[in-house]
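Notes follow the structure.
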Amino acid sequence: MHNNIHTEQRRLKPRGKLANEETEINHLDNAILMVTRNFRSRTDTTGYQSLATSWTDLSPIISEILTLPSVSLATQYLLRVTGDFHDHLSVLPATAAELESYLTRVDEVWTELFQRATDGLSMTDRVRVANVLRDGRDRADAVGVRKVVGEEGVVPVYERALKAAVGVDG
């Protein structure tokens, strides 16, 4: 009987591609938790003191999210991290150039994800993303950034991603 339990447990362990995805998800969860802790500790010397230090941790997380094979899962993680980034940009000091650079990168990431998605995202997910991006646009506006330099020239914050999300201007 004891061997059967171990055999059953071995069968339940993820293998191959699933194991790699599970490991990646655990890594993302831990990295996001670290960012959350550092943000909450911003009032003491152990937490983030600037948006640049926060971005140093967020940027690799965002890049890793883009490698997830499931667009739906990547969307959920990117929604979370984008919301966290918006919280950070509202309270952590940053230069205008840093803000524009980070906002442009988030816009590019969302645009890239939507290009991968084709039919993979529900309208509900697209609306959720659009709402988070509009919130970010409002928060960027509150700290003095209304437009960024993009491939098309000077454009409103998150314009490309909002167009990709819902097919219209944000």
### Query
Between residue 57 and residue 151, 0.36 nm times their residue separation minus their Cα-Cα distance comes to what?
31.3 nm
## Note on the structure
For the chain, Rg(Cα) over 2.2 N^0.38 Å is 1.20
### Query
Taking Rh as the Kirkwood radius, which is the inverse of the mean 1/r over Cα pairs, what is the Rg/Rh value for the range 25-97?
0.99
### Message
So if I place +1 on the C-beta of Lys and Arg and -1 on the C-beta of Asp and Glu, and nothing else carries charge, what would the dipole magnitude of the chain be about its Cα centre? I want it in debye, nearest 20.
### Response
460 debye
#### Entry: Cβ-based net charge around residue 140, under 14 Å, with every Lys or Arg adding one and every Asp or Glu removing one
-2
### Long-range amide H partners of residue 48 with built H, under 5 Å
39, 41, 42
### Task
Give the order of 89, 99 when sorted by the count of other beta carbons within 10 angstrom, beginning with the fewest.
99, 89
### Message
Restricting to Cα pairs below 8 Å that are 6+ residues apart, what does the relative contact order work out to for the chain? Please round to a whole percent.
### Response
19 percent
### Query
How do 138, 57 line up, fewest other C-beta atoms within 10 Å first?
138, 57
### Message
Net charge around residue 76, counting only other residues with Cβ within less than 15 Å of its Cβ (Lys, Arg = +1; Asp, Glu = -1)?
### Response
-2
#### Entry: Neighbourhood net charge (13 Å Cβ-Cβ; Lys/Arg +1, Asp/Glu -1) for residue 92
-1
### Query
Efficiency by 1/(1 + (r/R0)^6): what FRET value for residue 49 and residue 135, r their Cβ-Cβ distance, R0 = 25 Å, to the nearest 0.05?
0.55
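Every number in this text was worked out from the coordinates using simple rules, so none of it is lab data. Everything numeric here is computed off the predicted structure, so don't read it as measured data. All Cβ positions, glycine included, derive from the backbone under ideal geometry; neighbour counts span all protein chains shown.
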